[in-house]
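Values in this text are rule-based calculations from the coordinates and carry no lab data. Because the structure is a prediction, the values reported are computed rather than measured. Glycine gets a Cβ as well: all are built from the backbone with ideal geometry, and neighbour counts include every protein chain shown.
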């Protein structure tokens, strides 16, 4: 009998298992740009090994490398590392451990994708391995406080909304593909300035910094290991923490608390709040920020229409989910319009740090 290399258990059952599980787990992420000749074979190989260790999480494999966010049973962590480091291009790879542990994933997903980070770039002369200068936390803190430095958050708007570095430019974008294009346009005429980028774990900056170098920006830097590794170093070394708020993460936790600052507000009433949720109307499923008061008033939905929808008979709700009628009205994480993109003229007029 052929072994099924995918999950076959109902989602609700898996979520309940995650909630009931008592054993300790370690949430870890890593990425590596490398040439994988047969992504499907490599995907199946990783799935089989990780399933045998009861590893959960989400991993993407492509010709350009691997991008993983996973939850490892802590008693299996040494075995996980031994297996991972036995793979030539992953030997000694840096692992980003979660800042705040919690129940992060409920099933194992390993998928083959065209790219491990969707970027919209189609230049065959572009080498993602020729990236910007990697900065540790002390180097990052020093450089971003220099007058001629431009600091850019390379995450989507719903990530930077709940937390970011002080003084960073926060592009109001929905996707990484959109951000690369906007940032390159924004930096026109700023080629000689120090450019510093950061993201959650480093993978987006690895590609974005390489692209900017490819496009003629020589002084590009990136935060090595992203916000996750920065926080670890700040806490271990007693450094000044220049990050305010939460770090958004793409798992069931949704965020890690980095500082006590609340820099966002409820999308419905405007009260200080930085808690993301998904609209309880599954035909909408909008990711947005909602305070406890609005959660009670709107029953966990993003508005009156969705609140009414969750009280419809189940067969009507199922029809809406099948047609995705509500979801088409929204961009991810938005209950309000976008801000205008920052222009080169506006950026050059910004007072240096």
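Miscellaneous remarks
- Percent of alpha-carbon pairs separated by more than 18 Å within the stretch 168-245: 44 percent
- Both the radius of gyration and Dmax for the stretch 30-90 are 11.1, 32 Å, in that order, over alpha-carbon atoms.
- Rg/Rh, computed from the Cα trace of the stretch 85-167 with Rh as the Kirkwood radius, has the value 0.99.
- For the chain, the 222 nm mean residue ellipticity estimated from helices alone, with every DSSP H stretch of n ≥ 4 adding -39500 (n - 2.57) and the total spread over all residues, rounds to -8500 deg cm²/dmol.
- Cα gyration tensor shape of the stretch 138-203, rounded if a/c is under 1.5, else prolate or oblate by comparing a/b with b/c: oblate
- Pair residue 90, residue 38: separation of 7 Å Cα→Cβ label points (nm): 1.7 nm
- Each of the peptides 232-240, 175-183 was scored by the mean count of other Cβ atoms within 10 Å over its residues; in descending order, highest first, they stand as 175-183, 232-240.
- Here residue 252 and residue 139 are evaluated by their C-beta separation; at R0 = 25 Å the FRET efficiency comes out at 0.15.
- Estimated at 0.36 nm per residue, the fully extended path between residue 5 and residue 63 surpasses their Cα-Cα distance by 18.9 nm.
- Pairwise FRET efficiency - residue 188 versus residue 271, Cβ, R0 = 35 Å, nearest 0.05: 0.35
- Stretching the chain fully between residue 240 and residue 107 yields a gain of 44.2 nm (0.36 nm per residue, less the alpha carbon separation).
- Between residue 148 and residue 12, the contour length at 0.36 nm per residue exceeds the Cα-Cα span by 43.8 nm.
- Binning all Cα-Cα separations of the stretch 276-329 at 5 Å, short to long from zero, yields these whole-percent fractions: 5, 24, 32, 23, 11, 5, 0.
- Share of pairwise Cα-Cα distances greater than 28 Å in the stretch 13-168 is 33 percent (whole percent).
- Alpha carbon centroid spacing (whole Å) that separates the stretch 41-120 from the stretch 271-308: 32 Å
- Volume of the Cα convex hull of the chain, divided per residue and given in Å³: 166 Å³
- Among 287, 48, 151, the largest mean-square fluctuation in a Gaussian network model of the chain (Cα springs under 10 Å) belongs to 48.
- In this simple spin-label approximation, residue 75 and residue 282 carry label points 7 Å from Cα along the Cα→Cβ vector, and these lie 3.4 nm apart.
- Each DSSP beta bridge with both residues in the chain is either parallel or antiparallel, and the antiparallel ones are about 60%.
- Residue among 230, 63, 31 with the largest mean-square fluctuation in a Gaussian network model of the chain, springs linking Cα atoms under 10 Å: 63
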